[in-house]
1. Please report the Cα spread of segment 340-487 along all three principal axes, rounded to whole Å, starting with the longest.
2. Cut-off 12 Å, label point 7 angstrom out along Cα-to-Cβ of Arg35: give me the residues of segment 216-246 whose amide nitrogen falls inside.
3. So who's got an amide H within less than 5 Å of the one on Leu160, skipping anything under 5 residues away but keeping other chains? H placed 1.01 Å off N, in plane.
4. In whole Hz, with x marking every Gly and Pro, tabulate ³J(HN,Hα) for segment 68-81 from phi via Karplus 6.51 cos²θ - 1.76 cosθ + 1.60, θ = phi - 60°.
5. On the full set of protein chains, 1.4 Å probe, figure out the accessible area of His229 and give it in Å² to the nearest 10.
6. Provide the net charge surrounding Ala201, with neighbours chosen by a C-beta distance below 13 Å and charges set as Lys +1, Arg +1, Asp -1, Glu -1.
7. In what sequence, largest accessible area first, do Asp351, Asp33 appear using a 1.4 Å probe?
8. How much solvent-accessible surface does His271 expose, in Å² to the nearest 10, with a 1.4 Å probe and all protein chains in place?
Amino acid sequence: LHMLLGFTKAQDSQENRFAPSALLTNAQMGQADRRTIDAGTDGFSLMLSAGQAVANCVCEHYPDHKVIILCGPGNNGGDGYVAGAFLEEAGKDVALFSSAPARKLKGDAKKASHHFKGKIYKISHFMKEFQETVQSGETATLDGYVVVDALYGTGFRGELDKDITALFDIIRQLKVPVVAVDVPSGIHGTSGAVAAGTLEAAHTVTFFRKKLGHCLMPAMAYCGAIHVHDIGIDTTLLSDADFAAHENIQTLWIDQLPDPDKGAHKYKRGHIAMLGGTQMTGAIRMAAQSSMRIGAGMCTIHARKESEQAYTEDVPHLIFEELPQEADFVTHVSTEKKTVLLLGPGLGREDDAAMQKIVLDVLALHKPTVLDADALSCFEDAPETLHAALHDLCVITPHEGEFKRIFPAIDGDLSKYDKAVAAAALSKAVLLYKGPDTIIVQGDEKPVLHTHASSWLATAGAGDVLAGMIAGLLGQGLSPRIAACMAAWIHGEASLRFGAGLTAPDIIAQIPSVLRDLHQSKRYY
């Protein structure tokens, strides 16, 4: 329970009980602010801490740069004024531009504008000065500058004004690096929606906890490196009901990392049974290898005789069992020795009706099961049948196209978070909704958002490797939810370690080093 909430027993205290993995909606962040202020913390002190965090980020990453600060009319702009004051105190050359006259500022934002002692320019002044630079092509005049974007905060929705998009276009053409306050202006902090013309940041400084939008596409691609800073929010005033999701960090599952004892044998570590096709044999072959790399004791591929060489060549640790026909798979895996089942990768869709029957018969065995790829897509014409058959020991791993096929009734205009939550309500299975912003959710449990991965992971076969890794962890006794979260993180870490030029087999090769480091770090949690 401790780990599912995002902290260890050693961290379980009144001060730290609010999960460090928590992701908040805009409303939840506002509530955290209000509760802290109502309990006696001055709101302006929170703004001072936020502005200091922004100033620190600028000084750390752009120590020799002159600073242009763009401030809006609300508290996000207030953070910008405070950052400007701290940066001036640090000896930085600061030019601050505001989109709102000082007389229109209210509350803490107004107080913050007085805190900044330098001259405050209108946004139009920036436009006039630097538009001429862009038109003349003399872009070198802005070398050595950094922009702090404090125009709009997480609650922005709708479209950016034309004047602002024109401003952003100039900054973009001048190739000035951007540090965003909370989110780049034009992003909605809950849904991750991005308005046309939004300026991409190199760094985003946010406060207390990340927001959902930081971990959802397309917003995630605009945030750059995200830095989270404590500004004095009182976590003792908050509970599990006050956040929307977890970020997939190690504290969620590290204490459950499988560690075979000295008396362990291969049968204790799980026997994974997989159904292989006759054409795309590489998919199941990679799934089988990854299941064993991550710790499964045995893996058997069941397929037609003509595929045997493709599945066994150079991998003597994999077992091959001949199937006269695919439908015989259910009979072969119904024994107690076959503890985890995986279907889908490389099967093809030559006969959806036949494949549906195999999947339904497998699900009826109620064993830990991973369904991926074609084992999901074959239900395109009967999604409700699949939903009804899925059980709580099952993990399904659709990418965007497969998700649309098996959940066609879910509104495609919803945010990915809302779509995942809606899908989770339709079955008992763990849903791992793949993508750069992967979401893992089961029933009414808190969703887990996973973003720890390299963009090089977008390569053929990566999903097959992930499916095998989940199966391998299920074989070692992990719950489906934890197996999905742990496999996703290890999969992503492997991609980050390999880097450019990654192909799917490279992920498998990285698994042992990731596991070694995790076992080492486990000692400190």
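1. The principal-axis extents, from largest down, are 38, 37, 31 Å.
2. Taking a point 7 Å out along Cα→Cβ of Arg35, the residues of segment 216-246 whose backbone N falls under 12 Å are 233-244.
3. When sequence neighbours closer than 5 places are left aside, the close amide H contacts are Ala196.
4. 10, 10, 10, 10, x, x, x, 5, 4, x, x, 4, x, 4
5. 60 Å²
6. My count for the surroundings of Ala201 gives -2.
7. Asp351, Asp33
8. Per-residue accessible area (His271): approximately 10 Å².
The values are calculated or read from the model by the stated rules, or taken from the named source; none is laboratory data. Being a predicted model, the structure only gives us computed values, none of them experimental. Note that each Cβ is placed from the backbone with ideal geometry, even for glycine, and that neighbours are counted across all protein chains shown. Heavy atoms of the whole protein, side chains included, go into the accessibility calculation; ligands, DNA and RNA do not. Shrake-Rupley method; radii C 1.70, N 1.55, O 1.52, S 1.80 Å.
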